């Protein structure tokens, strides 16, 4: 048993040595080449650069909460998106998980069209987002009663009316007698970081 283990360890050592020797034959003993490889790997993780008004088709690969998702562009760059016009309950807030699931049901794993409105303080793209069948996802979340119309940043009569209808019909979070708006919830829980949003 010991002999087999010793042979296995020697084989692993020899394979690792060959790979290391191959690298040095190809690049010499040049630390700058190694540094460039490490830098290139880090550069791929940097934030995707975007500008106001640009439009992209992205595949939705992650849902953070009811108003935030991650998309992959056609060239496989990740972009973190915050839906313009709404503010959904936070994860730790009543209806937070239900709101997240509603957004997931609408767009997760699907190709959507986004139009950049601006960038928020967490460097997320604030976007209008449309499904492949041209549905305004912000409007869909408001109709489902899974978000507030974020009047601080948007003055759309359409979105205000959709929120009012959901309130009157006690749909979604409006089923609660007095739901707490996310901006008030965040003030009460100031220790929240961007990962809780």
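The values are calculated or read from the model by the stated rules, or taken from the named source; none is laboratory data. Please read these numbers as outputs of a predicted model, since none were measured by experiment. Neighbour counts run over all protein chains shown; Cβ positions are idealised from the backbone, glycine included.
Among the numbered conditions (1) under 25 Å from residue 48 (Cα atoms); (2) in a loop (DSSP other than H, G, I, E, B), the only one that residue 190 does not meet is (1). When each of 101, 117, 113 is tested for being surrounded by 10 or more Cβ atoms within 10 Å (Cβ to Cβ), assigned to a helix (DSSP H, G or I) and modelled with pLDDT of 60 or more, the lone residue that passes is 101. For the stretch 53-93, give me the residue count where each residue is touching a helix residue (DSSP H, G or I) at 6+ places or on another chain (Cβ under 8 Å), under 27 Å from residue 175 (Cα atoms) and part of a strand (DSSP E or B). Residues in the stretch 53-93 being touching a helix residue (DSSP H, G or I) at 6+ places or on another chain (Cβ under 8 Å), under 27 Å from residue 175 (Cα atoms) and part of a strand (DSSP E or B): 7 in total. Remark: pairs (first residue in the stretch 134-151, free of Cβ contacts under 8 Å to residues at least 40 places away in the same chain and on the phi < 0 side of the Ramachandran plot; second residue surrounded by fewer than 22 Cβ atoms within 10 Å (Cβ to Cβ) and not in a helix (DSSP H, G or I); Cβ separation under 7 Å; 6+ apart in sequence or on different chains) = 136/130. In the set (1) surrounded by 11 or more Cβ atoms within 10 Å (Cβ to Cβ); (2) within 30 Å of residue 185 (Cβ to Cβ); (3) at pLDDT 70 or above, residue 47 fails one condition alone, (3). Could you tell me whether any residue of the stretch 72-89 is more than 19 Å from residue 125 (Cβ to Cβ) and more than 12 Å from the chain's Cα centre (by Cα)? Scanning the stretch 72-89 turns up at least one residue that is more than 19 Å from residue 125 (Cβ to Cβ) and more than 12 Å from the chain's Cα centre (by Cα).
Can you tell me which residue in the stretch 61-81 is farthest from residue 162 (Cα to Cα), limited to those that are in contact with a strand residue (DSSP E or B) (Cβ under 6 Å, 6 or more places away or on another chain) and buried (at least 23 other Cβ atoms within 10 Å of the Cβ)? Filtering the stretch 61-81 for residues that are in contact with a strand residue (DSSP E or B) (Cβ under 6 Å, 6 or more places away or on another chain) and buried (at least 23 other Cβ atoms within 10 Å of the Cβ), the one farthest from residue 162 (Cα to Cα) comes out as 71. For the stretch 155-180, a residue qualifies if it is in contact (Cβ under 8 Å) with a residue 24 or more places away in the chain, over 25 Å from residue 108 (Cα atoms) and touching a strand residue (DSSP E or B) at 6+ places or on another chain (Cβ under 9 Å), and the qualifying residues are 156, 179.
Considering 183, 128, 174, the condition of being buried (at least 16 other Cβ atoms within 10 Å of the Cβ) and more than 17 Å from residue 70 (Cβ to Cβ) is satisfied by 174 alone.
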